[in-house]
Amino acid sequence: MLEAVGPIHRQARRDLPLPESLCRAVAGQQLSVAAAHTIWSRFEAFRGRRDLVPFLARVTDLDLRGCGLSFAKIRSIRAIGQAAERGQLESGRLMRMGHGERTACLTEIPGVGPWTADMIGIFYCGDTDIWPDGDLVARRTLQNLVGKRSRTVRVASTFSPWRSRLAMAMWRSVDAGGL
């Protein structure tokens, strides 16, 4: 399967500020990639060029619902804006943290859980050694290859320090119509 998906070359994506990347990750929780993209595109179109944090302080929940966000995600996104205002999301500081410490910091924000911290670690920070066991697609794809769920974490650990690349290979396999 790894041979079939080809090499995984992924650089950290920091085209958005960290608070915005975090909001985007929350908006995409438990959704297909297509649905998440649609909702985030509506959000961006509605927001326009306004800075995220002041925008979140002024926009109504109903306006955000109109973009397709659930009330739970709206609460989380507002909490991210508040954390950014307090300086809790200073990217340089978070980038210097190890994944465990960063996860502890991020999960203090209501609605930001370990999965979201893993996605920020992999895609924003560029950490190479995160196995997102909370990601259903990555976990089930690996499970289809190796058997019982109890073995997926153990098998993934054999890919250290490249477990993030393993997860990307699992996602790419599914995207390509594989497992």
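Throughout, read-outs are computed from the coordinates displayed, never taken from laboratory work. A quick note: this is a predicted structure, and the numbers were derived from the prediction, not measured. All Cβ positions, even for glycine, are placed from backbone atoms using ideal geometry, and neighbour counts span all protein chains on display.
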Q: Kindly express, to the nearest 10 degrees and within the range 0 to 90, the angle between helix 163-175's C-alpha long axis and the longest C-alpha principal axis of the chain.
A: 90 degrees
Q) So how do 15-26, 53-64 stack up, highest first, on mean other-Cβ count within 10 Å? A) 15-26, 53-64
Q | Principal axis dimensions, the range 18-124 - Cα atoms, whole angstrom, descending | A | 37, 29, 22
**Q.** Dipole magnitude of the range 48-152, debye to nearest 20 (Cβ charges: Lys/Arg +1, Asp/Glu -1, about Cα centre)
**A.** 280 debye
Q. What ranking do 159-171, 35-47 get when scored by the average of other Cβ atoms within 10 Å per residue, highest first?
A. 159-171, 35-47
Q) Taking the Cα centre of the chain as the origin, how large is its charge dipole in debye, to the nearest 20, when only Lys and Arg (+1) and Asp and Glu (-1) carry charge on their Cβ atoms? A) 200 debye
(Q) Within 10 Å of each candidate Cβ there may be at most 15 other Cβ atoms; applying that plus a DSSP loop requirement, which GluC sites (Glu not before Pro) in the range 80-129 survive? (A) E90, E108
Q | Cα-based Rg and Dmax for the chain, where Dmax is the largest Cα-Cα distance (Å) | A | 16.9, 50
Q: Working from Cα positions, state the angle (0 to 90°, nearest 10) between the long axis of helix 136-146 and the longest principal axis of the chain.
A: 0 degrees
Q: In whole angstrom, note down how far apart the Cα centers of the range 61-92 and the range 120-157 are.
A: 27 Å
Q.
Suppose each label sits 7 Å from its Cα in the direction of the beta carbon; what would the A104-R154 distance come out to in nanometres?
A. 2.9 nm
Q) Which net charge results when you count Lys and Arg as +1 and Asp and Glu as -1 among the other residues whose beta-carbon is under 13 Å from that of E90? A) +3
Q: Compare the Cα positions of A176, G28, L145 along the charge dipole of the chain (+1 at Cβ of Lys, Arg; -1 at Cβ of Asp, Glu; about the Cα centre) and return the one farthest towards the positive end.
A: L145
